[in-house]
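Inspection log for the structure reproduced underneath, given as C-alpha coordinates.
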Amino acid sequence: MQKVLITGANGFLGHYLTALLVHNYKVIATGKGACRINLLHENFCYESLDFTQRDAVEYLFQKVKPDIVVHAGAISQPDTCELNKEFAYQSNVESTKHLLAQSNFLKSFFVYVSTDFVFDGQTGMYIEEDVPNPVNYYGMTKLLSENAVQAYEYDWSIVRTVLVYGAPKSGRDNILTIVAKSLKEGKMSRIVNDQVRTPTYVEDLAGAINTIIAKKATGIYHISGNDILTPYQMTIAVAKYLGLKESLIEPVTANTFQQPALRPPKTGFRLAKAERELGYKPISFEEGLQKTFREIKPMMERI
Ligand SMILES: NC(=O)C1=CN([C@@H]2O[C@H](COP(=O)(O)OP(=O)(O)OC[C@H]3O[C@@H](n4cnc5c(N)ncnc54)[C@H](OP(=O)(O)O)[C@@H]3O)[C@@H](O)[C@H]2O)C=CC1
Ligand SMILES: Cc1cn([C@H]2C[C@H](O)[C@@H](COP(=O)(O)OP(=O)(O)O[C@H]3O[C@@H](C)C(=O)[C@@H](O)[C@H]3O)O2)c(=O)[nH]c1=O
(Lines give C-alpha, C1' and ligand atoms only; values in the text may rest on other atoms or scores of the structure.)
(Ligands and ions follow the chains in the order given, each with its own letter.)
Protein backbone atom coordinates (compact mmCIF):
# COMPACT_ATOMS: atom_id res chain seq x y z
CA MET A 1 0.00 0.00 0.00
CA GLN A 2 1.43 3.42 -0.98
CA LYS A 3 2.36 5.90 1.75
CA VAL A 4 1.02 9.47 1.72
CA LEU A 5 2.56 12.15 3.93
CA ILE A 6 0.16 15.04 4.58
CA THR A 7 1.29 18.38 6.03
CA GLY A 8 -1.24 20.61 7.79
CA ALA A 9 -3.19 17.52 8.85
CA ASN A 10 -4.43 19.26 12.02
CA GLY A 11 -5.92 21.97 9.78
CA PHE A 12 -9.39 22.45 8.33
CA LEU A 13 -8.67 20.68 4.99
CA GLY A 14 -6.04 18.37 6.51
CA HIS A 15 -8.52 16.71 8.84
CA TYR A 16 -10.93 15.84 6.01
CA LEU A 17 -8.13 14.80 3.67
CA THR A 18 -6.63 12.43 6.25
CA ALA A 19 -10.02 10.81 6.96
CA LEU A 20 -10.53 10.22 3.22
CA LEU A 21 -7.07 9.01 2.19
CA VAL A 22 -6.79 6.35 4.91
CA HIS A 23 -9.23 4.20 2.90
CA ASN A 24 -6.67 3.66 0.14
CA TYR A 25 -3.27 4.64 1.53
CA LYS A 26 -1.04 4.45 4.56
CA VAL A 27 -1.35 8.03 5.79
CA ILE A 28 1.39 9.77 7.77
CA ALA A 29 -0.46 12.83 9.04
CA THR A 30 1.83 15.63 10.23
CA GLY A 31 1.34 18.87 12.11
CA LYS A 32 2.99 21.16 14.61
CA GLY A 33 2.90 19.66 18.07
CA ALA A 34 0.29 17.15 19.21
CA CYS A 35 -2.19 15.35 16.98
CA ARG A 36 -5.61 17.04 16.91
CA ILE A 37 -7.22 14.56 14.55
CA ASN A 38 -10.00 12.48 16.03
CA LEU A 39 -9.47 9.37 13.92
CA LEU A 40 -8.78 5.70 14.63
CA HIS A 41 -7.72 3.69 11.59
CA GLU A 42 -5.11 1.02 10.92
CA ASN A 43 -3.75 3.08 8.00
CA PHE A 44 -3.42 6.25 10.06
CA CYS A 45 -0.41 7.46 12.02
CA TYR A 46 0.64 10.91 13.20
CA GLU A 47 4.06 12.50 13.32
CA SER A 48 4.80 15.92 14.78
CA LEU A 49 6.61 18.02 12.16
CA ASP A 50 7.45 21.69 11.95
CA PHE A 51 8.16 21.89 8.23
CA THR A 52 10.18 25.07 8.60
CA GLN A 53 12.87 22.90 10.23
CA ARG A 54 14.94 21.42 7.39
CA ASP A 55 16.56 18.72 9.58
CA ALA A 56 13.18 17.62 10.94
CA VAL A 57 11.85 17.27 7.41
CA GLU A 58 14.94 15.27 6.37
CA TYR A 59 14.68 12.98 9.40
CA LEU A 60 10.97 12.26 8.86
CA PHE A 61 11.35 11.60 5.15
CA GLN A 62 14.20 9.16 5.78
CA LYS A 63 12.04 7.46 8.41
CA VAL A 64 8.76 7.14 6.47
CA LYS A 65 9.89 7.37 2.81
CA PRO A 66 6.52 8.66 1.45
CA ASP A 67 5.51 7.78 -2.12
CA ILE A 68 3.18 10.79 -2.19
CA VAL A 69 3.37 14.16 -0.39
CA VAL A 70 0.35 16.46 0.00
CA HIS A 71 1.53 19.83 1.24
CA ALA A 72 -1.60 21.40 2.72
CA GLY A 73 0.13 23.13 5.62
CA ALA A 74 0.56 26.89 5.56
CA ILE A 75 -0.06 30.10 7.42
CA SER A 76 -3.47 30.40 5.78
CA GLN A 77 -4.55 33.74 7.27
CA PRO A 78 -3.76 36.51 4.77
CA ASP A 79 -3.74 39.20 7.45
CA THR A 80 -1.23 37.25 9.58
CA CYS A 81 1.01 36.90 6.51
CA GLU A 82 0.74 40.62 5.71
CA LEU A 83 1.80 41.58 9.24
CA ASN A 84 4.50 38.89 9.66
CA LYS A 85 6.22 38.62 6.29
CA GLU A 86 9.40 36.78 7.38
CA PHE A 87 7.36 34.27 9.38
CA ALA A 88 5.01 33.82 6.42
CA TYR A 89 7.93 33.34 4.02
CA GLN A 90 9.57 30.69 6.23
CA SER A 91 6.25 28.90 6.78
CA ASN A 92 4.84 29.09 3.26
CA VAL A 93 7.87 29.16 0.95
CA GLU A 94 10.99 27.77 2.66
CA SER A 95 8.92 24.87 3.99
CA THR A 96 7.90 23.89 0.48
CA LYS A 97 11.54 23.94 -0.61
CA HIS A 98 12.52 21.66 2.31
CA LEU A 99 9.73 19.22 1.43
CA LEU A 100 10.61 19.25 -2.29
CA ALA A 101 14.29 18.65 -1.56
CA GLN A 102 13.48 15.50 0.43
CA SER A 103 10.82 14.39 -2.06
CA ASN A 104 13.49 14.63 -4.75
CA PHE A 105 15.51 11.79 -3.19
CA LEU A 106 12.42 9.55 -3.20
CA LYS A 107 10.91 10.77 -6.49
CA SER A 108 7.66 11.25 -4.55
CA PHE A 109 4.53 12.58 -6.28
CA PHE A 110 4.21 16.11 -4.87
CA VAL A 111 0.75 17.67 -4.51
CA TYR A 112 0.63 21.33 -3.44
CA VAL A 113 -2.52 23.06 -2.19
CA SER A 114 -2.66 26.64 -3.44
CA THR A 115 -5.17 29.47 -3.70
CA ASP A 116 -7.19 31.89 -5.85
CA PHE A 117 -5.22 34.60 -4.08
CA VAL A 118 -2.37 34.12 -6.57
CA PHE A 119 -4.60 36.22 -8.89
CA ASP A 120 -5.26 39.96 -8.66
CA GLY A 121 -9.05 39.59 -8.85
CA GLN A 122 -9.53 42.12 -11.66
CA THR A 123 -11.37 39.75 -13.99
CA GLY A 124 -12.46 36.73 -11.94
CA MET A 125 -13.44 33.24 -13.14
CA TYR A 126 -9.86 32.18 -13.77
CA ILE A 127 -8.58 29.19 -15.73
CA GLU A 128 -5.30 27.39 -15.00
CA GLU A 129 -3.43 29.20 -17.80
CA ASP A 130 -4.23 32.71 -16.50
CA VAL A 131 -1.24 34.72 -15.32
CA PRO A 132 -0.97 35.08 -11.53
CA ASN A 133 -0.52 38.55 -10.01
CA PRO A 134 -1.04 38.41 -6.22
CA VAL A 135 -2.24 41.54 -4.37
CA ASN A 136 -1.24 40.45 -0.86
CA TYR A 137 1.74 38.77 0.75
CA TYR A 138 -0.11 35.55 1.46
CA GLY A 139 -0.84 35.21 -2.25
CA MET A 140 2.80 36.03 -3.05
CA THR A 141 4.07 33.28 -0.72
CA LYS A 142 1.71 30.76 -2.32
CA LEU A 143 2.86 31.78 -5.82
CA LEU A 144 6.54 31.54 -4.87
CA SER A 145 5.78 28.07 -3.55
CA GLU A 146 4.00 27.16 -6.79
CA ASN A 147 7.09 28.24 -8.73
CA ALA A 148 9.28 25.98 -6.60
CA VAL A 149 6.86 23.09 -7.18
CA GLN A 150 6.87 23.65 -10.94
CA ALA A 151 10.68 23.37 -10.92
CA TYR A 152 10.44 19.95 -9.21
CA GLU A 153 12.02 17.27 -11.42
CA TYR A 154 9.46 14.54 -10.75
CA ASP A 155 5.65 14.38 -10.84
CA TRP A 156 3.83 17.30 -9.25
CA SER A 157 0.33 18.75 -9.10
CA ILE A 158 -0.84 22.16 -7.91
CA VAL A 159 -4.43 22.30 -6.63
CA ARG A 160 -5.72 25.85 -6.38
CA THR A 161 -8.94 26.37 -4.43
CA VAL A 162 -11.24 29.19 -3.26
CA LEU A 163 -12.84 30.10 0.10
CA VAL A 164 -13.20 26.62 1.59
CA TYR A 165 -16.22 26.04 3.82
CA GLY A 166 -17.72 23.18 5.83
CA ALA A 167 -17.91 21.96 9.42
CA PRO A 168 -14.42 22.65 10.87
CA LYS A 169 -13.13 19.58 12.76
CA SER A 170 -9.92 21.47 13.63
CA GLY A 171 -7.84 24.28 12.14
CA ARG A 172 -9.21 27.51 10.74
CA ASP A 173 -12.85 28.56 10.85
CA ASN A 174 -14.71 29.83 7.79
CA ILE A 175 -17.03 32.74 7.11
CA LEU A 176 -20.18 30.57 7.10
CA THR A 177 -19.67 29.11 10.56
CA ILE A 178 -18.31 32.39 11.95
CA VAL A 179 -21.43 34.28 10.87
CA ALA A 180 -23.75 31.41 11.89
CA LYS A 181 -22.48 31.73 15.46
CA SER A 182 -22.95 35.54 15.42
CA LEU A 183 -26.49 35.17 14.06
CA LYS A 184 -27.33 32.62 16.75
CA GLU A 185 -26.05 35.05 19.40
CA GLY A 186 -28.11 37.87 17.89
CA LYS A 187 -24.99 39.85 16.97
CA MET A 188 -24.57 42.09 13.91
CA SER A 189 -22.13 41.09 11.15
CA ARG A 190 -20.71 43.44 8.51
CA ILE A 191 -20.11 41.35 5.37
CA VAL A 192 -18.56 42.50 2.10
CA ASN A 193 -20.85 42.50 -0.90
CA ASP A 194 -18.36 43.61 -3.55
CA GLN A 195 -16.07 40.60 -3.59
CA VAL A 196 -16.91 37.58 -5.77
CA ARG A 197 -15.93 34.01 -4.99
CA THR A 198 -16.80 30.44 -6.01
CA PRO A 199 -16.80 28.91 -2.51
CA THR A 200 -15.54 25.34 -2.18
CA TYR A 201 -17.10 22.64 -0.02
CA VAL A 202 -14.23 21.01 1.91
CA GLU A 203 -15.17 17.43 1.00
CA ASP A 204 -15.23 18.31 -2.71
CA LEU A 205 -11.68 19.62 -2.36
CA ALA A 206 -10.52 16.55 -0.45
CA GLY A 207 -12.20 14.33 -3.04
CA ALA A 208 -10.47 16.12 -5.91
CA ILE A 209 -7.06 15.67 -4.25
CA ASN A 210 -7.87 11.98 -3.75
CA THR A 211 -8.66 11.68 -7.47
CA ILE A 212 -5.49 13.52 -8.46
CA ILE A 213 -3.44 11.07 -6.37
CA ALA A 214 -5.29 8.03 -7.74
CA LYS A 215 -4.84 9.19 -11.34
CA LYS A 216 -1.39 10.68 -10.67
CA ALA A 217 -2.76 13.71 -12.51
CA THR A 218 0.06 16.24 -12.98
CA GLY A 219 -0.09 19.99 -13.61
CA ILE A 220 -2.28 22.79 -12.25
CA TYR A 221 -5.96 22.21 -11.39
CA HIS A 222 -8.58 24.73 -10.35
CA ILE A 223 -10.89 23.12 -7.81
CA SER A 224 -13.84 25.06 -6.35
CA GLY A 225 -17.63 25.18 -6.32
CA ASN A 226 -19.61 26.25 -9.37
CA ASP A 227 -21.79 28.85 -7.68
CA ILE A 228 -20.65 32.48 -7.98
CA LEU A 229 -21.45 34.43 -4.80
CA THR A 230 -20.36 37.41 -2.74
CA PRO A 231 -19.60 36.75 0.95
CA TYR A 232 -22.78 38.73 1.74
CA GLN A 233 -24.89 36.44 -0.46
CA MET A 234 -23.27 33.40 1.19
CA THR A 235 -24.10 34.61 4.70
CA ILE A 236 -27.68 35.62 3.79
CA ALA A 237 -28.11 32.04 2.52
CA VAL A 238 -26.85 30.84 5.93
CA ALA A 239 -29.39 33.04 7.76
CA LYS A 240 -32.22 31.79 5.49
CA TYR A 241 -31.15 28.15 5.93
CA LEU A 242 -30.96 28.46 9.72
CA GLY A 243 -34.13 30.57 9.96
CA LEU A 244 -32.20 33.40 11.65
CA LYS A 245 -32.49 37.17 11.22
CA GLU A 246 -31.09 38.37 7.89
CA SER A 247 -31.29 41.92 9.24
CA LEU A 248 -28.33 41.09 11.49
CA ILE A 249 -26.14 40.99 8.37
CA GLU A 250 -25.12 44.40 7.05
CA PRO A 251 -23.68 44.56 3.51
CA VAL A 252 -20.50 46.64 3.31
CA THR A 253 -17.93 47.37 0.63
CA ALA A 254 -14.40 45.99 0.92
CA ASN A 255 -12.91 49.45 1.38
CA THR A 256 -14.96 50.03 4.52
CA PHE A 257 -14.03 46.58 5.82
CA GLN A 258 -10.47 47.36 6.80
CA GLN A 259 -8.27 44.26 6.69
CA PRO A 260 -4.42 44.47 6.78
CA ALA A 261 -4.19 42.39 3.58
CA LEU A 262 -5.89 43.50 0.40
CA ARG A 263 -8.29 40.90 -1.00
CA PRO A 264 -8.55 40.30 -4.77
CA PRO A 265 -12.05 41.63 -5.57
CA LYS A 266 -13.26 39.02 -8.06
CA THR A 267 -11.78 35.53 -8.05
CA GLY A 268 -13.60 32.27 -8.68
CA PHE A 269 -12.57 29.49 -11.05
CA ARG A 270 -13.71 27.93 -14.31
CA LEU A 271 -13.68 24.17 -13.75
CA ALA A 272 -13.59 22.78 -17.31
CA LYS A 273 -10.12 21.21 -16.98
CA ALA A 274 -10.93 19.47 -13.66
CA GLU A 275 -14.29 18.31 -15.02
CA ARG A 276 -12.65 16.95 -18.18
CA GLU A 277 -9.54 15.37 -16.71
CA LEU A 278 -10.67 14.40 -13.20
CA GLY A 279 -14.42 13.93 -13.65
CA TYR A 280 -14.77 16.63 -10.96
CA LYS A 281 -18.39 17.52 -10.09
CA PRO A 282 -18.76 19.79 -7.02
CA ILE A 283 -21.99 19.91 -5.04
CA SER A 284 -24.08 23.10 -5.12
CA PHE A 285 -23.64 25.80 -2.48
CA GLU A 286 -27.13 24.94 -1.19
CA GLU A 287 -26.13 21.30 -0.71
CA GLY A 288 -22.86 22.41 0.88
CA LEU A 289 -24.79 24.54 3.36
CA GLN A 290 -27.00 21.57 4.27
CA LYS A 291 -23.98 19.31 4.81
CA THR A 292 -22.14 21.97 6.82
CA PHE A 293 -24.95 22.75 9.23
CA ARG A 294 -26.20 19.18 9.54
CA GLU A 295 -22.72 18.37 10.86
CA ILE A 296 -22.55 21.25 13.33
CA LYS A 297 -26.24 21.32 14.35
CA PRO A 298 -25.45 19.95 17.86
CA MET A 299 -22.84 22.69 18.39
CA MET A 300 -25.21 25.37 17.11
CA GLU A 301 -27.91 24.22 19.54
CA ARG A 302 -25.51 24.70 22.44
CA ILE A 303 -25.03 28.40 21.59
N1 LIG B 1 -9.33 27.72 3.84
C2 LIG B 1 -9.43 28.32 2.68
O3 LIG B 1 -10.39 29.06 2.40
C4 LIG B 1 -8.36 28.14 1.65
C5 LIG B 1 -7.19 27.43 1.94
N6 LIG B 1 -6.23 27.32 0.96
C7 LIG B 1 -5.00 26.56 1.24
O8 LIG B 1 -5.38 25.26 1.68
C9 LIG B 1 -4.44 24.76 2.62
C10 LIG B 1 -5.17 24.28 3.86
O11 LIG B 1 -5.84 25.37 4.40
P12 LIG B 1 -6.76 25.20 5.72
O13 LIG B 1 -6.81 23.78 6.12
O14 LIG B 1 -8.01 25.94 5.49
O15 LIG B 1 -5.88 26.04 6.77
P16 LIG B 1 -5.57 25.76 8.30
O17 LIG B 1 -4.96 27.03 8.80
O18 LIG B 1 -6.76 25.21 8.98
O19 LIG B 1 -4.46 24.61 8.24
C20 LIG B 1 -3.12 24.91 7.99
C21 LIG B 1 -2.31 23.97 8.86
O22 LIG B 1 -0.92 24.18 8.59
C23 LIG B 1 -0.26 24.02 9.84
N24 LIG B 1 1.06 24.69 9.87
C25 LIG B 1 1.32 26.01 9.77
N26 LIG B 1 2.64 26.21 9.91
C27 LIG B 1 3.22 24.99 10.12
C28 LIG B 1 4.54 24.55 10.33
N29 LIG B 1 5.57 25.41 10.38
N30 LIG B 1 4.77 23.23 10.49
C31 LIG B 1 3.73 22.34 10.47
N32 LIG B 1 2.44 22.69 10.27
C33 LIG B 1 2.20 24.02 10.10
C34 LIG B 1 -1.19 24.65 10.86
O35 LIG B 1 -0.83 24.17 12.13
P36 LIG B 1 -1.55 24.70 13.46
O37 LIG B 1 -2.96 24.19 13.39
O38 LIG B 1 -0.77 24.09 14.56
O39 LIG B 1 -1.46 26.21 13.39
C40 LIG B 1 -2.54 24.21 10.36
O41 LIG B 1 -2.98 23.03 10.98
C42 LIG B 1 -3.45 25.90 2.88
O43 LIG B 1 -2.28 25.67 2.13
C44 LIG B 1 -4.17 27.14 2.35
O45 LIG B 1 -3.25 28.10 1.87
C46 LIG B 1 -6.39 27.84 -0.29
C47 LIG B 1 -7.53 28.53 -0.60
C48 LIG B 1 -8.60 28.72 0.34
C1 LIG C 1 -14.84 37.46 9.04
C2 LIG C 1 -15.41 38.32 7.93
C3 LIG C 1 -15.04 38.13 6.63
N4 LIG C 1 -15.57 38.91 5.66
C5 LIG C 1 -15.22 38.70 4.26
C6 LIG C 1 -13.74 38.84 4.00
C7 LIG C 1 -13.47 37.83 2.93
O8 LIG C 1 -13.59 38.45 1.67
C9 LIG C 1 -14.59 36.81 3.05
C10 LIG C 1 -14.10 35.46 3.61
O11 LIG C 1 -13.70 35.66 4.95
P12 LIG C 1 -12.28 35.10 5.41
O13 LIG C 1 -11.84 35.76 6.65
O14 LIG C 1 -12.28 33.63 5.30
O15 LIG C 1 -11.45 35.74 4.26
P16 LIG C 1 -10.05 35.40 3.69
O17 LIG C 1 -9.02 35.33 4.75
O18 LIG C 1 -9.89 36.40 2.62
O19 LIG C 1 -10.17 33.91 3.07
C20 LIG C 1 -9.10 33.46 2.30
O21 LIG C 1 -8.45 32.41 2.99
C22 LIG C 1 -7.28 32.04 2.34
C23 LIG C 1 -6.71 30.82 3.03
C24 LIG C 1 -7.45 31.78 0.89
O25 LIG C 1 -6.61 31.09 0.29
C26 LIG C 1 -8.53 32.50 0.13
O27 LIG C 1 -9.05 31.63 -0.89
C28 LIG C 1 -9.66 32.96 1.01
O29 LIG C 1 -10.54 31.89 1.30
O30 LIG C 1 -15.57 37.36 3.92
C31 LIG C 1 -16.48 39.93 5.94
O32 LIG C 1 -16.96 40.62 5.02
N33 LIG C 1 -16.85 40.15 7.23
C34 LIG C 1 -16.34 39.37 8.25
O35 LIG C 1 -16.71 39.61 9.42
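Quick notes on this structure:
- Helices (runs of 4 or more DSSP H) contained entirely in the stretch 185-303, each with at least 1 residues that are at pLDDT 95 or above: 202-215, 231-242, 272-278, 285-295
- Restricting attention to the stretch 207-223, the residues being of a type in the set (A, V, I, L, M) and over 15 Å from Gly279 (Cβ atoms) number 1.
So that you can scan it fast, the table gives a plain yes or no per residue for (1) away from ligand 2 (no atom under 16 Å from the Cβ); (2) at pLDDT 95 or above; (3) more than 15 Å from the chain's Cα centre (by Cα):
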| site | (1), (2), (3) |
| --- | --- |
| Asp55 | yes, yes, yes |
| Glu58 | yes, yes, yes |
| Gln77 | no, yes, no |
| Asn84 | no, yes, yes |
| Glu94 | yes, yes, yes |
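- Matching residues in the stretch 3-51 - criterion: being of a type in the set (Val, Ile, Thr) and outside any loop (DSSP other than H, G, I, E, B): Val4, Ile6, Thr7, Thr18, Val27, Ile28, Thr30
- Scanning the stretch 12-47 for residues that are open to solvent by less than 20 Å² (accessible area, probe 1.4 Å), closer than 21 Å to Leu100 by Cβ and within 16 Å of ligand 2 (Cβ to nearest atom), we see that the one that is nearest to the chain's Cα centre (by Cα) is Gly14.
- Residues (without any contact (Cβ under 8 Å) to a residue 60 or more places away in the chain, open to solvent by less than 10 Å² (accessible area, probe 1.4 Å) and within 14 Å of ligand 1 (Cβ to nearest atom)) located in the stretch 92-113: Asn92, Val93, Thr96, Phe110, Tyr112
- Answer residue from the stretch 226-252, given it is polar (S, T, N, Q) and open to solvent by less than 60 Å² (accessible area, probe 1.4 Å) and is nearest to Asn136 (Cα to Cα) among those: Thr230
The values are calculated or read from the model by the stated rules, or taken from the named source; none is laboratory data. Predicted model only: the values in this text are computed from it and were never measured. Quick reminder, even Gly has a Cβ in these numbers, built from the backbone with ideal geometry, and neighbours come from all protein chains shown. When the accessible area is computed, the model is the full protein with side chains, heavy atoms only, and any ligands, DNA or RNA have been set aside. Shrake-Rupley method; radii C 1.70, N 1.55, O 1.52, S 1.80 Å.
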